[in-house]
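Student: Below is the structure I would like to discuss, written out as structure tokens.
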Amino acid sequence: MNTLLPKAQIRHIAAKQTKGDAAHRVLTAESFATAHREITAWAGYAPTPLVSLSAIAGQIGVGELLYKDEGPRFGLGSFKALGGSYAALRVLQREISRRLGKDVTLADIRNGAYADACAAITLVSATDGNHGRSLAWGCKRFGVPCRIYIHAEVSEGRATAMCDLGAEVVRIDGDYDESVVLAKTEAEENGWFVVSDTSWPGYSLPPRDVMSGYGVMVQEICDVLDQAPTHVFLQGGVGGLAAGVIAALRQYWGEASPRPIIVEPELAACLFESAKTGAATKVDIAEETLMAGLSCGEPSGLAWQILAEEATDYLTIPEELVAPAVRLLAKPLGNDTPIEAGESAVAGLAVLIAAMADPSLASKLGLTSASRVLLIGSEGVTDQAIFDMIMQGHKAA
């Protein structure tokens, strides 16, 4: 009997998929290739580990369980290092090219050839933490002023990490979606440039670049596999991670691409509600989830184009599963590799374990003893104080 996590109620909806080519059209093979060429040339680049959690797989009854651990990514602690920094570079390339009236290369900007031009451009974004840290890191490397908007519930540890990278951090009283609105408004008023991981009408290039950067992570996974996983569980949020991973997997594996299953906090389930309505749907967040990186009430329209065609299932995870899943990875079964994961990293693992404890749900998801499941461990310990409280069995603030 699978008793690794407390018993919990998991909501599930099977998607009514539309047919189309969004996985090739919204994020093209060339956009992934351009991002891969650039990011793999950065100092400090190295593939992150793909860990086999064979003891957990045996306990819950699946054939293979693979966990892509993004904790070591560029020393920033999350997959977001592949997105915000790269999108910032692309914004600089477009704007400097426009100002100079000639095409400039990403490498020239990265190597300081246009330092004065970079210093005259301010980049801004709203964040729950990881995207802002990535943007601040990129801005510091490129010599660009950076302004980051955070909401009331973003931890002080995450705010400090962005300040330490040179960003000006502005905290508001509202939630994530309100911080997005303020970032857009003040950027328009001051001639700044928004580097967001979510899109809205008239704004799509930076979020497209963000998702293209995530393709580096997928390429690393595919490079070490000789067959496609049967399932991939992907965190929700605004949908950028899920859409980027799904598109890159589809382009690599074609019809053999794994079944994409979306997982969200039940406290911030905008993609789940979008699947119910059949259109990108905003939800109000009444209470913040412990999975801070997934506390988003409005989907990215760009990402939703891919999810609407590709994702097969949507699930929500209750809060009581998060901390036990973090502890399970840190103090694993058998000979599994210990992994220090952040709260948003464990959503897929937690819901997989819960699903395998429920034969009806496992059947609906097509999970069997032969299933080969891929999980994206989207972050390591991005706030040490919260991680320590979880490991001590206390409720994180």
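Student: Of a type in the set (Val, Ile, Thr), over 21 Å from residue 371 (Cβ atoms) and open to solvent by less than 20 Å² (accessible area, probe 1.4 Å): which single residue out of 216, 232 fits that description?
Tutor: Of 216, 232, the one residue that is of a type in the set (Val, Ile, Thr), over 21 Å from residue 371 (Cβ atoms) and open to solvent by less than 20 Å² (accessible area, probe 1.4 Å) is 216.
Student: Could you pull out every one of the helices (runs of 4 or more DSSP H) wholly within segment 17-105 that has 2 or more residues that are touching a strand residue (DSSP E or B) at 6+ places or on another chain (Cβ under 9 Å)?
Tutor: Helices (runs of 4 or more DSSP H) meeting the threshold: 54-60, 84-100.
Student: Under 8 Å between Cβ atoms, which residue pairs at least 6 apart in sequence (or on different chains) link something in segment 208-229 that is within 18 Å of residue 77 (Cα to Cα) with a partner that is aromatic (Phe, Trp, Tyr) and surrounded by fewer than 21 Cβ atoms within 10 Å (Cβ to Cβ)?
Tutor: Close Cβ pairs satisfying both conditions: 218/252.
Student: Let me ask something else. Hey, does segment 240-258 have a residue that's surrounded by fewer than 24 Cβ atoms within 10 Å (Cβ to Cβ), modelled with pLDDT of 95 or more and not in a helix (DSSP H, G or I)?
Tutor: yes
Student: Go through (1) more than 22 Å from residue 342 (Cα to Cα); (2) buried (at least 20 other Cβ atoms within 10 Å of the Cβ); (3) at pLDDT below 95; (4) of a type in the set (A, V, I, L, M) for residue 123 and report which single condition fails.
Tutor: So the condition that residue 123 fails would be (3).
Student: Right, next: Residue check: is residue 196 out of contact with any Cys (no Cβ under 9 Å at 6 or more places or on another chain), assigned to a helix (DSSP H, G or I), of a type in the set (S, T, N, Q) and surrounded by 24 or more Cβ atoms within 10 Å (Cβ to Cβ)?
Tutor: no
Student: Condition test on residue 108, is it open to solvent by 40 Å² or more (accessible area, probe 1.4 Å), in contact with a Ser or Thr (Cβ under 8 Å, 6 or more places away or on another chain), among the charged types (D, E, K, R) and at pLDDT 95 or above?
Tutor: Criteria not met by residue 108.
Student: If only one of 330, 362, 354, 341 is over 21 Å from residue 68 (Cα atoms) and hydrophobic (A, V, I, L, M, F, W, C), which one is it?
Tutor: Answer to the selection: 362.
Student: Please indicate, with yes or no, whether at least one residue in segment 49-68 is over 30 Å from residue 366 (Cα atoms) and open to solvent by 40 Å² or more (accessible area, probe 1.4 Å).
Tutor: Among the residues of segment 49-68, not one is over 30 Å from residue 366 (Cα atoms) and open to solvent by 40 Å² or more (accessible area, probe 1.4 Å), which makes the answer no.
Student: Determine whether segment 90-101 contains at least one residue that is open to solvent by less than 10 Å² (accessible area, probe 1.4 Å) and either under 28 Å from residue 239 (Cβ atoms) or charged (D, E, K, R) (or both).
Tutor: yes
Student: When the residues of segment 262-282 are filtered to those that are in contact with a helix residue (DSSP H, G or I) (Cβ under 9 Å, 6 or more places away or on another chain) and open to solvent by 30 Å² or more (accessible area, probe 1.4 Å), which remaining residue is nearest to residue 11 (Cα to Cα)?
Tutor: By that ranking, first place goes to 266.
Student: Tell me the helices (runs of 4 or more DSSP H) entirely within segment 115-172 that contain at least 1 residues that are in contact (Cβ under 8 Å) with a residue 40 or more places away in the chain.
Tutor: Correct list: 130-142, 156-164.
The values are calculated or read from the model by the stated rules, or taken from the named source; none is laboratory data. Everything numeric here is computed off the predicted structure, so don't read it as measured data. Every residue, glycine as well, gets a Cβ built from its backbone with ideal geometry; the counts of neighbours run over all protein chains shown. Areas reflect the complete protein model, heavy atoms only, side chains present, ligands, DNA and RNA absent. Shrake-Rupley method; radii C 1.70, N 1.55, O 1.52, S 1.80 Å.
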